[in-house]
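Here is the structure we will look at, set down as structure tokens.
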Amino acid sequence: QVQLVESGGGLVQAGGSLRLSCVASTRTFANFAMGWFRQAPGKEREFVAAITWNGGNTVYADSVKGRFTVSRDNAKNTVYLQMNSLQPEDTAVYYCAAGPFAVIDQYEYDYWGQGTQVTVSS
């Protein structure tokens with residue numbers, strides 16, 4: 001089993017930045033691709049970004065491309081999501097997930113964190 005714990009969410013004004021972290025409780029963290037997803041109230045969960053096991057490749061949703069950056073530190077069992085130029089439409093609960101491939105399909109991920117709330121005020 002892999003436990004994932006997100007942190008770093010909060011309230012920020014439009015145009016501001018936040019960095020989310022997700023720590024994994026496993027010795028095999030480097031074996032997993034990691035993804036970030038989000039779910040806004042009344043909406044389905046959607047893909048945000050993903051990164052391969054070694055950080056060599058990343059994938060982004062069009063809505064966040066150029067504003068968000070996903071990275072990882074395998075020595076710390078941690079994946080990050082740096083979010084810049086935040087907008088009210090970025091308001092959501094953000095989840096990290098672990099799986100075999102860095103893909104946009106949430107059903108390809110095996111383990112999920114509990115989520116962290118990000119609220120962007122206008």
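From (1) open to solvent by 50 Å² or more (accessible area, probe 1.4 Å); (2) assigned to a strand (DSSP E or B), pick out the condition that doesn't hold for V48. In the conditions (1) open to solvent by 50 Å² or more (accessible area, probe 1.4 Å); (2) assigned to a strand (DSSP E or B), V48 misses (1) alone. Screening A98 with (1) open to solvent by 50 Å² or more (accessible area, probe 1.4 Å); (2) touching a Leu at 6+ places or on another chain (Cβ under 8 Å); (3) not basic (K, R) gives one miss only, at (1). Could you list, in sequence order, the residues of region 1-45 that are of a type in the set (S, T, Y) and open to solvent by less than 50 Å² (accessible area, probe 1.4 Å)? Residues satisfying the conditions are S21, T26. I'd like the residue in region 60-73 that is within 23 Å of Q3 (Cα to Cα) and either out of contact with any Gly (no Cβ under 8 Å at 6 or more places or on another chain) or modelled with pLDDT under 95 (or both) and, out of all such residues, is least open to solvent (accessible area, probe 1.4 Å). The extreme case among them is V70. Of the numbered criteria (1) over 17 Å from G16 (Cβ atoms); (2) in contact (Cβ under 8 Å) with a residue 40 or more places away in the chain; (3) aromatic (F, W, Y); (4) buried (at least 18 other Cβ atoms within 10 Å of the Cβ), the one Y80 fails is (1). Hey, does region 112-120 have a residue that's among the small types (G, A, S) and open to solvent by less than 50 Å² (accessible area, probe 1.4 Å)? Checking region 112-120: at least one residue is among the small types (G, A, S) and open to solvent by less than 50 Å² (accessible area, probe 1.4 Å).
The values are calculated or read from the model by the stated rules, or taken from the named source; none is laboratory data. Model, not experiment: these values are computed from the prediction. Counting neighbours? That spans all protein chains shown, and the Cβs are built from the backbone with ideal geometry, glycine included. Protein only, heavy atoms only, side chains kept; ligands, DNA and RNA dropped before computing areas. Shrake-Rupley method; radii C 1.70, N 1.55, O 1.52, S 1.80 Å.
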